[in-house]
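The structure appears below as structure tokens.
Just so you know, all these numbers are worked out from the coordinates, no wet-lab data involved. Please read these numbers as outputs of a predicted model, since none were measured by experiment. All Cβ positions, glycine included, derive from the backbone under ideal geometry; neighbour counts span all protein chains shown.
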Amino acid sequence: MALIKICGITNYNDAKLAIDLGADAIGFIFCKSKRQISPQKAKKIIDKLPIFSTTVGVFMNMKPSIVKEISDFTKIDIIQLHGNEPVATYYKIIGKKIIKRINPNNFHSAKEINNFIKNTIADAYLLDPGAGSGTGFSWEILNELKKNKFIIAGGLSPKNIEGLIQQYNPYGVDANSGLEKFPGKKDKKKLEEFIKIIRRSE
């Protein structure tokens with residue numbers, strides 16, 4: 001069963017809705033983005049969430065000390081590194097589980113991605129060519145990647161998620177812009193349909 005992360009959360013209503021509908025995790029973006037949220041606002045949302053909710057903080061090329069400060073303050077559960085960060089350094093300083101983003105379009109082949117992962121320790125790997133832009137990539141490369149905890153992102157929506165789940169059965173999926181009314185505000189109908197299709201397709 002694919003894990004579902006709903007990213008780009010900017011308000012409590014969207015956070016609670018995603019969790020109530022069955023999302024496994026929700027993401028808060030702390031780096032530059034149309035959906036960037038302040039640590040103070042994220043903390044207020046997280047403090048009100050049900051106790052078993054899983055939260056992910058998205059960071060990009062920020063100093064480990066700053067990432068630790070924000071993650072400790074907000075009580076984020078998981079760190080997502082979206083830039084060129086040396087993962088091992090962040091593990092030592094932060095001490096939380098880490099998702100490492102990989103831009104598949106920066107590699108010439110699946111072999112190069114496999115080699116990158118071989119030399120990069122992370123708890124899961126996010127295959128995402130964009131940064132909330134809704135840009136997708138060719139899923140066929142998934143057939144050539146060695147079995148790892150891959151989370152797929154980039155242009156996912158109710159229109160294409162069924163094909164991804166049925167053909168490739170990914171470890172997880174991460175959706176953002178494809179489920180919005182406008183940047184930072186989720187569309188309830190799209191969110192409901194997205195999660196329903198995933199659970200029905202498995």
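What the table shows:
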| read-out | value |
| --- | --- |
| Length gained when the stretch Asn114-Tyr12 is fully extended (0.36 nm per residue, less Cα-Cα span) | 32.9 nm |
| Within straight-line cross-link reach of Lys16, aspartates and glutamates at Cα separation under 19 Å, skipping those fewer than 8 residues along the same chain | Asp24, Asp47, Asp77, Asp174, Glu180, Asp187, Glu192, Glu193 |
| Electrostatic dipole magnitude of region 3-201 [Cβ: Lys, Arg +1; Asp, Glu -1; Cα centre; debye, to 20] | 380 |
| Rounded FRET efficiency, nearest 0.05, which uses the C-beta distance separating Lys196 from Thr135 and R0 of 30 Å | 0.75 |
| Violating pairs (Cα-Cα greater than 31 angstrom) within the set Lys41/Lys181; Lys147/Lys185; Lys92/Lys189; Lys63/Lys190; Lys75/Lys186 | Lys147/Lys185; Lys92/Lys189; Lys63/Lys190 |
| Footprinting exposure proxy for His82, His108 (fewest neighbouring C-beta atoms within 10 Å first) | His108, His82 |
| Neighbourhood charge, 14 Å Cβ-Cβ cut-off, centred on Leu17 and excluding it, Lys, Arg +1 and Asp, Glu -1 | +3 |
| Over the chain: helical MRE at 222 nm, DSSP H runs n ≥ 4 each giving -39500 (n - 2.57), nearest 500 | -10000 deg cm²/dmol |
| Neighbour net charge for Gly184 - beta-carbon separation under 10 angstrom, K R +1, D E -1 | +3 |
| Average Cα contact separation per residue, the chain, under 8 Å, 6 or more apart, as relative contact order % | 21 |
| C-alpha center-to-center spacing [region 1-19, region 47-98] in angstrom | 17 |
| Region 42-158 - percent relative contact order, Cα under 8 Å, separation 6 or more | 19 |
| Dipole of region 3-201 [Lys/Arg +1, Asp/Glu -1 at C-beta], most positive-end residue of Phe182, Asn13, Tyr168 | Asn13 |
| Karplus-derived HN-Hα couplings along region 96-101 (A = 6.51, B = -1.76, C = 1.60, θ = phi - 60°), whole Hz, x at Gly and Pro | 10, 5, 10, 9, 9, 7 |
